[in-house]
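To start, the structure under review is shown below, and the notes come after it.
The values are calculated or read from the model by the stated rules, or taken from the named source; none is laboratory data. Because the structure is predicted, anything quoted here is derived from the model rather than measured. Please note: Cβ atoms are built from the backbone with ideal geometry, for glycine as well, and neighbour counts cover all protein chains shown. These accessible areas exclude ligands, DNA and RNA; they are computed on the full protein's heavy atoms, side chains included. Shrake-Rupley method; radii C 1.70, N 1.55, O 1.52, S 1.80 Å.
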Amino acid sequence: MAFRGSNASSGMGVAEHSKTAYLELQRKKVHRYVIFKIDEKKKEVVVEKTGGPAESYDDFTASLPENDCRYAIYDFDFVTSENCQKSKIFFIAWSPSVSRIRAKMLYATSKDRFRRELEGIHYEIQATDPTEMDLEVIRERAH
């Protein structure tokens, strides 16, 4: 069920397919990542792109626009020092410094609301340029 409030600060709904795509990543490992955008006309967060399990972190970062904001979920697989296969789910708030002020405000004010809809996220990263979310940053956070 999607919430559609008219209150400007939290009026962003979450499309049903956004929640479904997240659950597919989290539980079924269908996606390596999901990129979400805010559809300003519909006033909701929708899925823009998903990446299959074989896609790399580079494929993921290449899918983020250089000059516009997005939310993204990335399922990071790694092997611990004890040789255990682990997976951590990252929520990434991508807000490049060159994006429009209005977009930055919209994504900033809607983020917590959207994130609350997605249970089981391990880490959150806010990035304004690619270096703030590069693979080393993800690796350090996950270990």
Sort through Arg70, Arg116 and tell me the only one that's closer than 20 Å to Ala15 by Cα, within 14 Å of the chain's Cα centre (by Cα) and open to solvent by 90 Å² or more (accessible area, probe 1.4 Å).
-> Arg116
Extreme residue, farthest from Ser99 (Cα to Cα), among residues of the range 57-73 that are out of contact with any Gly (no Cβ under 9 Å at 6 or more places or on another chain) and aromatic (Phe, Trp, Tyr) = Tyr57
How do the strands (runs of 3 or more DSSP E) wholly within the range 48-130 filter down when requiring 2 or more residues that are on the phi > 0 side of the Ramachandran plot: which remain?
-> none
Test: Arg100 is open to solvent by 80 Å² or more (accessible area, probe 1.4 Å), out of contact with any strand residue (DSSP E or B) (no Cβ under 6 Å at 6 or more places or on another chain) and modelled with pLDDT under 95 | no
Scanning the range 21-47 residue by residue, the ones that are in a strand (DSSP E or B) and either basic (Lys, Arg) or open to solvent by 60 Å² or more (accessible area, probe 1.4 Å) (or both) total 1
Are there any pairs, at least 6 apart or on different chains, whose C-beta atoms fall under 8 Å, with the first in the range 61-75 and over 18 Å from Glu40 (Cβ atoms) and aromatic (Phe, Trp, Tyr) and the second outside any strand (DSSP E or B) and open to solvent by less than 10 Å² (accessible area, probe 1.4 Å), and if so, which?
-> Tyr74/Phe60; Tyr74/Ile138
